[in-house]
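What follows is one structure encoded as structure tokens, with my remarks underneath.
The values are calculated or read from the model by the stated rules, or taken from the named source; none is laboratory data. A quick note: this is a predicted structure, and the numbers were derived from the prediction, not measured. Methodologically, a virtual Cβ is constructed for each residue, glycine included, from the backbone with ideal geometry; neighbour enumeration extends over all protein chains shown.
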Amino acid sequence: MKTYFTSTIFRKTIASLSGVFLVLFLLGHLLGNLQLFISGEAGQKQFNEYAFFMTTNPVVKILSLVTYTSIILHIALTFYLTIQSKNARPVKYAVSSGTSNSSWASNNMAVLGTFLLIFLVIHLKSFWYEMHFGSVEMDLWGNKDLHSVTVTAFHELWYVLIYLVSMIALGFHLKHGLESAFQTLGVRTRKYSSAITNLTTGLVLLIPIIFASIPIFIYIKNI
Amino acid sequence: MENLNLKLKIWRQSSPNDKGAFVSYDVSGLNTHMSFLEMLDVLNEKLVVTGDDPVAFDHDCREGICGMCSMVINGKPHGPQKGTTTCQLHMRHFKDGDTVTIEPWRAKPFPVLKDLIVDRSSFDRIIQSGGYISVNTGSAPDGNSLPISKEIAEDAFDAAACIGCGACVAACKNASASLFVSAKVSQLSLLPQGQPEREERVKNMVSKMDEEGFGHCTNTGACEAECPKEISLEYIRKLNWEYHRSNIKG
């Protein structure tokens, strides 16, 4: 069993399971964020109540611990495997086959992942950190006013642009990552292959586009 | 029949410890019906006449079934044509005046011995780690006398088509041997003869693959695209599944 846990197959399986969990997290996060489309005080009240619930509910707290663990595992394992595989080819080719035999995203997962990590730091600093450790003012109903923090942040064009570029990177990362996860987990059989491709293509388009539409919506409303 | 003139950039390395470098050669008057290896033969004849060291490259059957003719041609293992070994690649796929870069397989477990020849005994060691089949399979059975469905027989046969050339490793950005190992594991795990050692075989072959220093599979699909026998990525899926199944089963 020792060789099982240290094998590349086991490690990439954990990397893919954590990745799949993070996609499920993204879906939940996306559904919650749809409340930002509700305008006026009603939207503010509902979003802040939701934010209070998400930071205090014990079940959500457990889920968020799983999310933090998944993020750390995903980064640590993919980083380790990437370094290991770089060592497997000490002398590089003079002529590269480029994208003639594989997709661009599949060849640049580490670059895309690193970009997403930088985005994650910016994103968490702006909202997660402020909500947990920052000084967020109270709204009229006695909840921390995360809604105003969010809306104010997306009034800045450069900040909106960071989100748009990051969502494009997310799309490419998920496109390869999600299909690849099904293959690594051993469930992408010939029978389910096209269904999995359709499902991942759908998710990969929907998740980043809807996420990106929120900062655009807030920014345009403010003009 | 056309006459072809090419500029070749070939990796020359006198020994495993030599640093190695690219050397340019001009070859002219090539017949387009020649195979790529015959083109190299023409170059080597010239080099022998001028007293130079001929380019060392692996070759054997020249029929596309032995898997010896390993070389990366313009960034692609076995050259630009799909589903073909280097010996079956013909010079009509090149244009007059082309520059052709020829490199050896690049992977830590495939050290360069000389010029384009690499040591692929890491593959042999993976095969050895898979062990033997304890079932006495006897002589060839009568057709259709074994109770195996056509689908499974075809699936096992497609995996058995792997010639162990190492193009999958050469093509993979991680120098992963997953396609090779998956073909060898699947071929036997699908058939009744392979059942008694099914679990041990996959466990040993995967740990040997890791031990030899091959990279991990990130499912880019480059191996499948460059494999001269067009082995499917489906076998890597099977390998992952088999590996988990065997370890969980104990």
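Worth pointing out:
- Conditions (1) within 20 Å of B:Ser24 (Cα to Cα); (2) more than 14 Å from the chain's Cα centre (by Cα); (3) surrounded by 13 or more Cβ atoms within 10 Å (Cβ to Cβ); number of the one not met by B:Asp158: (1)
- Looking only at the stretch A:187-202, residues that are in a helix (DSSP H, G or I), within 14 Å of another protein chain (Cβ to nearest Cβ) and either exposed (fewer than 14 other Cβ atoms within 10 Å of the Cβ) or not aliphatic (A, V, I, L, M) (or both) come to 7 in all.
- Residue in the stretch A:168-187 that is more than 23 Å from A:Ser18 (Cα to Cα) and modelled with pLDDT of 95 or more present: no
- Exactly one residue out of A:Ser106, A:Ser97 is of a type in the set (Gly, Ala, Ser), more than 19 Å from the chain's Cα centre (by Cα), buried (at least 19 other Cβ atoms within 10 Å of the Cβ) and facing another protein chain (nearest Cβ under 9 Å), and it is A:Ser97.
- Selection from the stretch B:47-86 of residues that are more than 14 Å from chain A (Cβ to nearest Cβ) and charged (D, E, K, R): B:Asp52, B:Asp53, B:Asp58, B:Asp60, B:Arg62, B:Glu63
- The set of residues in the stretch B:112-147 being in a loop (DSSP other than H, G, I, E, B) and crowded, with 16+ Cβ neighbours inside 10 Å consists of B:Asp115, B:Leu116, B:Arg120, B:Gly130.
- Going through (1) surrounded by fewer than 20 Cβ atoms within 10 Å (Cβ to Cβ); (2) farther than 22 Å from A:Tyr93 by Cα; (3) not hydroxyl-bearing (Ser, Thr, Tyr) one by one, B:Lys108 falls short only on (2).
- Boolean, A:Gly43 is surrounded by 16 or more Cβ atoms within 10 Å (Cβ to Cβ) and either among the small types (Gly, Ala, Ser) or closer than 30 Å to B:Thr218 by Cβ (or both): no
- Verdict on B:Glu197 being farther than 17 Å from A:Leu81 by Cβ and either touching a residue at least 24 places away in the same chain (Cβ under 8 Å) or more than 7 Å from every other protein chain (Cβ to nearest Cβ) (or both): yes
- Answer residue from the stretch B:218-232, given it is part of a loop (DSSP other than H, G, I, E, B) and within 7 Å of chain A (Cβ to nearest Cβ) and is nearest to the chain's Cα centre (by Cα) among those: B:Gly221
- Checked against (1) assigned to a loop (DSSP other than H, G, I, E, B); (2) at pLDDT 95 or above, B:Ile236 passes all but a single condition, namely (1).
- Qualifying residue in the stretch B:87-102 (condition: in a loop (DSSP other than H, G, I, E, B), within 14 Å of chain A (Cβ to nearest Cβ) and buried (at least 18 other Cβ atoms within 10 Å of the Cβ)): no
- Given (1) farther than 24 Å from B:Ser186 by Cβ; (2) away from chain A (no Cβ under 14 Å), index of the condition B:Tyr132 fails: (1)
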